[in-house]
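What follows is a single structure, written as structure tokens, with notes after it.
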Amino acid sequence: MQNTKHLKAPYTKNEADRIYDLLYYDLNFSSLENEFKDLSTLAASVAGTEVSLLNLIDIYTQWTVAGHGLPTMLTPRENTVCQYTILESDHLEVKDMQQDERFKDLAGIKDGPMLRYYFGVPLRTPNGHNIGSLCVLDSGEITLSAEKVQVLKTIAAEIVNRLNRLKEIHSLRRELAEARAVNRRVAHDIRGPIGGIVGLAQVLIRKEGKSSAEEVLRMSQMIQKSGNSLLGLAEEIMRGEQGLISEPSPEDGITLQGLKAKLEEIFQPQATDKAVGFEVSINEMLSTITFSKNKLLQIIVNLVTNALKFTPPLGEVTVKLDLTLSQNHRILSVQVQDTGIGLSPDQVEAIMKGRALSTSGTSGELGYGMGLQLVQHLLAGLQGKLLVESTPGLGSTFELQIPIGTVAHLE
């Protein structure tokens, strides 16, 4: 063990690992009393002592998170007996703290309750680190039988088991919350395009027997391609949110040509249903260069969805895709321009600060207030930039600059 210059408390050789183990549980110390009150009461009953305490010990502080006979409290680590218990492999017993040179002058011993007897069992994690102690104390002389000592050790082991279960419960709750968030994002990103597919299907139903075979085939193919692209987009979003997409691989690659085809497949039904012109153009000279598509579709889909949402019938939405290649800079440029209702300076400022609010589209399309905030979040992860220019009544232009990393020519 070793001492520090700032604290008198003894420290173990693996103190850093011990602290990391405690941090792993991600505990709110102030909310644990109800979880462990029964075990602290049981410990006092088994030992026949006036006091029992469940203590967790970090770098500077002993947190009494549950107890019997004394209230929960915070104590500087150097003023505790349990700082010595966590150094032990089995237990620590002190017959008379008032006479023990280590403890007789500690605050709480010399001027607190007249407690003399102490018996502490370290709380050992599965990794073998003592993160705290279960201790029993009394003002009189106590002799614990071997059976009682064993029961106290069993209670200490159960405390650690409960801590592990609490960690599992918290992890499951967090995973559930993340899964719900992914579901909301997927629903948000595909809602508009699905609406376009439904709209085209309704047109076919209304014109049953009145459409030519060529028109039915064309619209059916459009619906099929859009549906397949949306399935791919939903899968890509879920894979990305679950951390299954890491470093770019050939399977994650896409070209300007491929990106153009994806956007046309996804949005042509929606644009056709709303009678909005939709066009995607690319730099043909660089159309066969591949780059990572990680999160790109999710970002662009949100911008195009908004453009179509706020563009009235007979309006136009155009997407321009380009690459800037140099020795030090490889940038994907995406420009989404519409002839929609436009944005006020205050709305543009809110978008740039990530505080955009949801509003209804020109045909009553619903919004969830997530799209542009999600774009900003995803762009930050890719170290990209967003520029917005807009005039109320005349439309908006959203321009993205996204680093694309390593590039290679497709054969």
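The values are calculated or read from the model by the stated rules, or taken from the named source; none is laboratory data. A quick note: this is a predicted structure, and the numbers were derived from the prediction, not measured. When we count neighbours, we look across all protein chains shown, and the Cβ atoms used for this are built from the backbone with ideal geometry, even at glycine.
Odds and ends about this structure:
- Residue that is farthest from the chain's Cα centre (by Cα) [pool: residues in the stretch 299-314 that are at negative phi and surrounded by fewer than 21 Cβ atoms within 10 Å (Cβ to Cβ)]: PRO313
- 2 or more residues over 20 Å from LEU22 (Cα atoms) and of a type in the set (A, V, I, L, M, F, W, C): qualifying strands (runs of 3 or more DSSP E) within the stretch 80-166: 92-94, 130-138
- Flag for ASP338 being in contact with a strand residue (DSSP E or B) (Cβ under 9 Å, 6 or more places away or on another chain) and under 17 Å from LYS385 (Cβ atoms): no
- For the stretch 106-159, taking the residues that are in contact with a Pro (Cβ under 8 Å, 6 or more places away or on another chain) and crowded, with 19+ Cβ neighbours inside 10 Å, the one that is farthest from ALA43 (Cα to Cα) is identified as ASN130.
- Which numbered condition GLU93 misses (of (1) over 17 Å from LEU54 (Cβ atoms); (2) modelled with pLDDT of 90 or more; (3) crowded, with 19+ Cβ neighbours inside 10 Å): (3)
- Cross-chain or 6+ apart pairs with Cβ under 7 Å, the stretch 4-26 first and more than 21 Å from ARG165 (Cα to Cα), then modelled with pLDDT of 75 or more and of a type in the set (A, V, I, L, M, F, W, C): PRO10/LEU87; THR12/LEU87
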